[in-house]
Structures are given as C-alpha cells and as structure tokens.
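Undergrad: Just dropping this structure here.
No value in this document is a laboratory result; all are computed from the given coordinates. Since we're looking at a predicted model, the values are computed, not measured.
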C-alpha cells in the first residue's frame, strides 16, 4: 500500500523536476531528441520503481542517478548493436542544451552546452542545480575528487568562453 500512496506523489514531483532532468539528460546525450527519449524512460522507470527509493536524501538526486544509469545502459546497448561508440562532442547542427527552451538561449546556457564532454553534467549539477560534490559524485558514479577536478576544469572553460565572447563584442 505505501507504493500506491507514493505513486501520485512521485508523478507530481516528477512533473516539477522535468525541466532540470531534461537539461541533465541533454548534457549526457548531446541531443534533445535523444534526451527526451531518455527522460521518458526515466519517468516510466521511476514510477514503477518508486518502492526502491528509501525516502532518504533528495528524490531529485535519485532521479538524476537513475537518468545517468539508464544513459549508461542505453549507450552500451547502442554500441553493441551499432558497433560504434558514443560521440565525444556535440556535432555542428545537433540540438544542444541552449536549444531546449527559448528562455534558456542565454549566453550562459550556450557556454554550458559548449563545455567539453563530461564537464557539462558536473557544471550543471553543482553550479546550476546546487548539488554538493558528494551528491554529484553519487549521481554520476564517480569519486568526489574527480568531481572537484572536472568542476575546476569546467569553470575554467566556462570563464574562458565568457571572456572570449565578451572581448568579441567589444
């Protein structure tokens, strides 16, 4: 019975978290359509598996971790089927983070989407969404020291991108 009581809550809470989860999914996939497919699977799985969430920590963190885990599983399946590997960067003309919603087409969102592979997700989780290093490490399944190192690299890349854009406008 607790699962049936939690199901409407997860659905309600999930709706509120969709924009954040979608931005995160785009940082993983590098493609809006692929991110939307991933997010649909996350929604389905989270409703079915809500009984596995122990109500400790933030539901948001549990959903981010589920998103990452599903992406890893999908990537492995795709590589096995196609015999190829995941692209390491967003290709020109491909939908990116700044194309999600009109309000998100700011310079800052474009700069985040332009970060090298692996840095955008960490930057988004820590500096945009406000997760701690530990939460981010748990979500991404990496050590906290790696989060700190990659976040420093992401911040440097973000700052360098902001400075170069600013100097181009002058």
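Undergrad: So what's the projected area for segment 1-85, the Cα convex hull averaged over all directions, in nm²?
TA: Its Cα hull, projected and averaged over all orientations, spans 5.8 nm².
Undergrad: Below 8 Å, C-alpha to C-alpha, sequence gap of six or more: please give me the relative contact order for segment 1-85 in percent.
TA: 32
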